[in-house]
Amino acid sequence: MKRKHEMPFGAECRDDGTVRFRLWAPSASSVGLVLDESRDCELAMAPTSGGWSELVTSEARTGTRYQFKVDDHQLVPDPASRYQPSGVHGPSEVINPKSFEWQDANWRGRPWNEAVVYEMHVGTFTPEGTFASAEKKLDYLAELGVTVIEIMPVSSFPGQRNWGYDGVMPYSPACAYGRPEDLKRFINAAHAKNLMVFLDVVYNHFGPEGNCLLLYAPQFLTDRHRTPWGLAINFDGPGSRTVRDYFIHNALYWLEEYHFDGLRLDAVHAIADDSRPDILGEIAETVRKYFGNERHIHLVLENDNNAAHFLSRWADNAHLYNAQWNDDIHHALHVLTTGEVDGYYADYSADPAWYLGRCLAEGFSYQGDVSHYRNGESRGEPSRGLPPTCFVSFLQNHDQVGNRALGERITDLADPAAVKAAVACLLLAPPPPLLFMGEEFSAATPFLFFCDFGRDLASKVTEGRRSEFAKFAQFSSPEAQAHIPDPNSEKTFFASKLDWSSFEKPEHRDWLHFYRELLACRQNEIVPRIPNIVPGKASFRVIGEKAISVTWPFVGGGRLRLLANFSGSKIGITEALQGRLLYRTPRSAAQSHQLAAFSAAWWLDE
């Protein structure tokens with residue numbers, strides 16, 4: 001089976017053997033096409049309406065490398081390039097998507113309520129750091145019990161190493177990880193093992209190096225809005241129709257041509273758009289209409305604004321977006337397990353157990369409440385009426401580990417018993433859980449911030465990284481700041497690679513067994529009952545200082561109940577515990593009227 005997404009821009013291989021090249025360059029006086037620099041072949045492109053230039057030629061074919069020449073002097077890659085074989089500063093390569101033969105014609109994906117997400121950075125997941133080497137770990141992931149592999153952004157970025165959020169070629173898989181067909185083989189193989197694959201995409205900014213758009217299409221950015229990265233992407237001003245189409249097609253491209261099962265949209269709170277529908281609404285509606293009921297397509301947001309309306313019902317009783325990453329639940333659990341209250345954790349420090357309980361029962365803990373960390377601004381929208389599947393829960397992810405100065409994981413910061421209680425809460429709760437690669441065996445390796453920028457930018461990033469942590473007492477001195485790993489150093493990148501030899505040590509094997517046991521319980525006991533949970537009816541209460549009781553009632557009667565204690569002392573339980581004990585952490589007391597320190601227990605009453 002062959003797959004191709006038809007696009008109105010870029011290099012498109014045609015059935016008659018020719019290639020159509022199309023570039024939007026409204027500020028260019030002329031546009032030419034340069035093929036294979038060694039051949040010194042330059043062809044003029046004809047201007048058409050709306051700032052477009054186009055050429056259909058038989059001089060190019062699959063594998064041809066090309067660049068656009070703007071205003072007779074500036075060579076630039078294709079902003080819709082399907083592949084950059086020598087990086088973002090080099091020529092683009094003509095890719096014929098129909099050259100790849102898919103073997104998953106019967107794949108329809110999996111329902112969202114089955115989601116257990118495993119977040120992966122391709123470059124550090126394996127020693128080789130490639131799509132091909134990650135493919136060899138698919139059996140391991142299937143046996144672990146995850147159902148979704150979520151790949152951090154792979155769009156081409158400057159240099160050989162990056163988290164992926166500095167991409168400048170949204171349609172081109174980074175050459176550091178392999179060729180487009182390598183990524184397709186990975187997805188094809190994952191589907192054969194009943195694993196979904198999601199891609200993290202960045203629609204809020206372009207990276208700071210390698211973006212040539214301003215040379216010939218400055219309308220891509222606007223000074224009407226500002227973002228943490230400077231000028232905003234122009235989603236609502238003059239010329240924005242083309243800009244919007246560029247990103248809408250990008251979503252469709254990954255879902256159709258690469259057969260991804262879903263997308264995670266990064267930091268959408270940083271997207272500025274005053275139009276209606278805004279770009280988030282148009283992307284989701286277009287995706288839903290384009291694919292219809294052909295297969296399961298899942299869309300997930302990262303949104304610090306806790307904007308619950310994006311998760312509301314849409315046509316055919318489906319959700320516009322399936323879910324949002326729930327930072328609230330991470331922050332509450334982090335305070336409970338580590339005691340840290342710096343930065344945004346301060347908003348959860350007064351009563352972290354209450355915030356955790358509210359997340360589990362109602363979705364967000366901030367639902368229009370005042371955030372002191374945000375200078376008294378209100379944050380969020382009511383979420384209680386939404387089903388629990390709308391909230392992705394996690395104890396670790398790339399941000400919460402990698403944005404620490406030393407990239408420590410939670411098991412380096414908290415009592416292992418407290419961590420196990422937190423994991424038992426998340427993996428058996430109705431909301432879909434997310435694991436960050438390596439957490440399932442308590443990886444000893446950090447996940448650090450790393451990049452590979454050019455010399456001038458590299459020094460600024462290093463200085464900025466160290467000054468960012470200067471406000472913390474631990475890094476207040478220049479000597480302490482000097483110990484923060486240099487993001488541009490190759491050593492920082494290699495230190496972040498998972499150590500798969502960890503399994504030789506009993507403690508890491510024990511953690512892996514713990515995760516596998518919980519995920520098997522989730523699959524057998526929790527997933528079949530998620531559709532029967534009544535939205536908006538879950539309840540919680542705080543017991544003592546750091547313990548909670550949460551109840552999820554079922555349609556027709558019965559309930560799922562969690563008791564969790566994050567204090568260092570056992571607590572008494574006055575409420576009656578009915579039904580079958582599903583799971584308890586090793587330190588949970590066997591008695592029905594006590595809960596041990598750092599423990600969690602689950603009951604099912606039907």
Quick query: amide H of Leu320 versus all other amide H atoms, modeled in the peptide plane; which residues come in under 5 Å with a sequence gap of 5 or more or a different chain?
Ser312, Trp314
I'd like the distance between the alpha-carbon centres of the stretch 381-409 and the stretch 496-513, rounded to an integer number of Å.
24
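If we sort 516-529, 320-333 on the protection proxy, mean other Cβ atoms within 10 Å, highest first, what's the order?
320-333, 516-529
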Would you grab the residues whose amide H sits under 5 Å from the one on Gln594? Only those 5+ places off in sequence or on another chain, please, with H modelled 1.01 Å from N.
Ile573
Long-range amide H contacts for His298: which residues qualify at under 5 Å (H placed 1.01 Å from N, peptide plane, sequence gap of 5 or more or a different chain)?
Gly262, Leu263
May I ask you to order 335-343, 573-581 by the average number of other C-beta atoms within 10 Å around their residues, highest value first?
335-343, 573-581
Nearest-ten-degree value, helix 416-428 long axis tilted from longest Cα axis of the chain:
70
Whole-Hz Karplus ³J(HN,Hα) for the stretch 177-187, in order, using 6.51 cos²θ - 1.76 cosθ + 1.60 and θ = phi - 60°, x for Gly and Pro?
9, x, 8, x, 5, 5, 5, 5, 5, 4, 5
Using the Karplus curve 6.51 cos²θ - 1.76 cosθ + 1.60 with θ = phi - 60°, work out ³J(HN,Hα) for each residue of the stretch 125-138 in order, rounded to whole Hz, and write x for Gly and Pro.
5, 10, x, 6, x, 10, 4, 5, 6, 5, 4, 5, 9, 5
Taking Cα atoms only, helix 240-256 is inclined relative to the longest principal axis of the chain by an angle, in degrees rounded to 10, of 70
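Express in nm, to one decimal, how much length is gained between Arg455 and Ser569 on full extension, taking 0.36 nm for each residue of separation and deducting their alpha carbon distance.
Values: separation 114, 0.36 × 114 = 41.04 nm, distance 5.33 nm.
So the chain would gain 35.7 nm between Arg455 and Ser569.
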Take the Cβ-Cβ distance between Glu517 and Ser371 as r, set R0 to 51 Å, and report the resulting FRET efficiency rounded to the nearest 0.05.
0.85
With a Förster distance of 22 angstrom and the Cβ-Cβ distance between Arg295 and Lys4, calculated FRET efficiency to the nearest 0.05 equals 0.85
Got a sec to turn the phi values of the stretch 526-539 into Karplus ³J(HN,Hα) couplings, 6.51 cos²θ - 1.76 cosθ + 1.60 with θ = phi - 60°, whole Hz, x for Gly and Pro?
8, 3, x, 9, 4, x, 8, 6, 7, x, x, 10, 5, 9
Simple spin-label estimate for Asn106/Gln74, 7 Å along Cα→Cβ, in nm, reads 5.3
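FYI, it's all coordinate maths here, none of it is from the lab. Not measured: the values here are computed from a predicted model. Backbone-built Cβ (ideal geometry, glycine too); neighbour counts: all protein chains shown.
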